[in-house]
Structure formats: structure tokens, C-alpha cells
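The values are calculated or read from the model by the stated rules, or taken from the named source; none is laboratory data. Quantities reported herein were computed from a predicted structural model and do not represent experimental measurements. In this analysis, Cβ positions are derived from the backbone assuming ideal geometry, glycine residues included, and neighbour counts consider all displayed protein chains. Each accessible area value is taken on the protein alone, full model and side chains, heavy atoms only, with ligands, DNA and RNA left out. Shrake-Rupley method; radii C 1.70, N 1.55, O 1.52, S 1.80 Å.
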Amino acid sequence: MEIQYLIMLVASGVIIGFTSGLLGIGGGIIMTPVQYWIYTSAGIEPDLAIKISIATSLAVILPTAASGVWQHRKRVPINWKVAAIMGIIAAAGSYTGSTIASLIPGNILKLAFAIVVILIAIRMLTLKISIEQQALRENIWLWIGIAFPIGILTGILGIGGGAIVIPCLILILHFRMIDAVGTSLAMMLFTSVGGIIGYIINGIGLTGMPDHSIGYIYWPAWLALIITCIPMAQVGAITAHKIKGKALTAIFVVLMLYIGLDMLGAINWITGLFSR
């Protein structure tokens, strides 16, 4: 990979890591499109590029989430019972999702990713977050019912699942926002592993993969991303306990909408209208 692309990945890791620690998401909604653009610009076929992007994003999410968890656990208790049970079930779903993704054409994955990002942005925009502590819903079957489909989406789309987990923890299980952030990151320690294993197994022996890849995971890009992702996840987690997140959430929603529309080709269409 050319040096300018590695520099772009290192720079994007600053935003990805900070956002992960701040909002309890894995950062895949930013990492995946950034990598996809870089890989296709470097001459990798789009079908392969989207799968490499998704797999490598999951591999980055694991240490990034661990970094955020380390900082959050020093400030608020993490519900490890919920995180472990939902995380293990979601990991099984993530492995299933990664296997499904290896069989799906890249253009379908790209479309699915864009639609999910837009839907998450809309849901975050309409989400009403309570600051009051409510009684946690102690229904393990409910946790399992939520976790498995989240895991499948994680594996297919290369997202940590936090952007979907956070609304579920708040609206369904009655978590406070700050507690949901830490527990969501803890879940990612489990969910990302399932997807990583699946993408490695299903990508072994493929032709056309860039050098230094194992399965679908491209390790030079992984290293470039975690250099800044891990420390910035610490900064994001610290910041989450000091400020109200409404303004940052609004900015993030706009960013997700832009990414989703761009991957659908709508941004080029809109700019084309104004350039006529």
C-alpha cells in the first residue's frame, strides 16, 4: 500500500478512536467506507475491497473497544453480566454474518451497509435518552433475542454493533446513556471476535488479496488504524464523562448520513445537479 493511503488511515483513526470511546460504537461506519475508497483507489476490485474493508474494521474494533472499556470501567460500573451473555450470543451471530457476507456480492454488501448507516443515523436523531436510572430488565431470553440479530449485522457489515446496541440497551433494557456506552464497548470484545474468525476462515486461499493479508483481514491497514484508534478511544471515554453529548451526537448523525448517502451514490448525484 502506498504511503499516502497509510497516512490517511492513521489520520482517520483519530476520529474513529475518539468516536468509539465517546459514544460506545466500534467505528466501523467510518472505517469501512474510508478503507473501501482507499482499496478501490489502489486498484483492488470493488467486490473484494468491500469485504477486506469490513473484515479489517472488525479486527480494529477489538483493541479499540478494549481501550474504551479500560477507561470507562474506572468511572462507572460496566454490567459484565449483560455484556458477556449478549456478547457471546452476538459473537455467534457475528460468525454467522461473516460467513453470509463472504457469499454475498460486494455491491449488495455496499448497498446494505449504506442503508443500515442511514437508518442508524435516523434512529439516533429521534432517540430520546433518559438521564434517570430505571430498573434493568432482567430477562436473559430478551437479551439473547436482541443479541443474535445484532451479531449477524455486525458480521455482515463490519460494524461493532454499538450504534445498534446503544438504542436497544436504553429503550428496551432501560440503561442510562453513560452505562450503555461502557456496556456496549464491553460487548464488542465478544462480538468482534466472532466476525474476525469468520472472515479469516472464509478468506483463506483467495486470489487477488493484497500482500500481508490473512483471510480477508489486511494487517498493514489494521496496524495503521490502531496506532491512533487505541489512544483516542481513551480520550473519547474520558470526554464522555465530562460533557453532554447532544452536539457531538448531532454532528455524528450528519456524518453518518453523509457516509450512507455517499455509498449509495447520492452525493455525486446531488453535486452533479449543482454543477450543471
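Things worth noting here:
The rows are residues; the columns are (1) buried (at least 24 other Cβ atoms within 10 Å of the Cβ); (2) charged (D, E, K, R); (3) closer than 24 Å to L206 by Cα; (4) out of contact with any helix residue (DSSP H, G or I) (no Cβ under 9 Å at 6 or more places or on another chain).
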{"position": "G17", "(1), (2), (3), (4)": "yes, no, no, no"}
{"position": "G21", "(1), (2), (3), (4)": "yes, no, no, no"}
{"position": "M31", "(1), (2), (3), (4)": "yes, no, yes, no"}
{"position": "Q35", "(1), (2), (3), (4)": "yes, no, yes, no"}
{"position": "T56", "(1), (2), (3), (4)": "yes, no, yes, no"}
{"position": "R75", "(1), (2), (3), (4)": "no, yes, no, no"}
{"position": "G87", "(1), (2), (3), (4)": "yes, no, no, no"}
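- Take the conditions (1) open to solvent by 10 Å² or more (accessible area, probe 1.4 Å); (2) modelled with pLDDT under 80; G68 misses just one of them, which is (1).
- Matching residues, region 78-130, being without any contact (Cβ under 8 Å) to a residue 40 or more places away in the chain and not in a helix (DSSP H, G or I): L103, K128
- For region 215-225, a tally of residues being buried (at least 16 other Cβ atoms within 10 Å of the Cβ) and within 16 Å of P63 (Cβ to Cβ) returns 7.
- Some residue of region 32-40 being touching a residue at least 12 places away in the same chain (Cβ under 8 Å) and either on the phi > 0 side of the Ramachandran plot or in contact with an Asp or Glu (Cβ under 8 Å, 6 or more places away or on another chain) (or both): yes
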